[in-house]
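Quick note: the coordinates plus some simple rules give every number you see, no bench work behind them. These figures come from a predicted structure and were not determined experimentally. Cβ sites come from the backbone with ideal geometry, for glycine too, and all protein chains shown count toward neighbours.
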Amino acid sequence: MTGAVVGIAVLVALISVISAAVAVARTRSSGQEIGKPDRMSEEVVAGLMAELRKWQAEAAHWKATAERLQRELDQRPE
């Protein structure tokens, strides 16, 4: 009989922990909707856009360098 009581107590404890976790998650996510940006989204997007602009500038620089070097090679006498 004590095994059944312990099993029920463990089950009640697990259900209590899960219920508490669900309640905490619901209160923390109140006001959030799917597709609606949260408070961190703007900062993350701004950082990613800055990195993208740096990579694009670097790619443009190396493309211009490659084109210049190719023009120099094409103008060399053979």
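Rounded to the nearest 500 deg cm²/dmol, what is the calculated helix-only ellipticity per residue at 222 nm for the chain, with -39500 (n - 2.57) per DSSP H run of length n ≥ 4? Don't skip to the end; give the middle numbers.
On the way: 2 runs with 62 residues, N = 78.
It comes out at -29000 deg cm²/dmol, rounded to the nearest 500.
Find how much the distance from VAL12 to LEU73 grows on full extension, using 0.36 nm per residue of separation minus their present alpha carbon separation; answer in nm with one decimal.
Contour length minus the Cα-Cα distance gives 14.0 nm.
Just add up the charged neighbours of ALA66: K/R +1, D/E -1, any other residue whose Cβ is under 13 Å from the Cβ of ALA66. Local charge sum for ALA66: -1.
Distance between the 7 Å Cα→Cβ label points at ASP38 and ALA25: 1.3 nm. With θ taken as phi - 60° and the Karplus curve 6.51 cos²θ - 1.76 cosθ + 1.60 applied, the whole-hertz 3J(HN,Hα) list for the range 3-10 is x, 5, 5, 5, x, 5, 5, 5 Hz, x standing for glycine and proline.
Ellipsoid semi-axes for the chain, based on the Cα gyration tensor and the rule √(5λ), read 65, 19, 7 Å when sorted largest first. Residue by residue, the range 27-43 carries 3J(HN,Hα) couplings of 6, 6, 9, 5, x, 9, 10, 5, x, 8, x, 8, 5, 8, 4, 4, 5 Hz when phi is fed to the Karplus relation 6.51 cos²θ - 1.76 cosθ + 1.60 (θ = phi - 60°); x denotes Gly or Pro.
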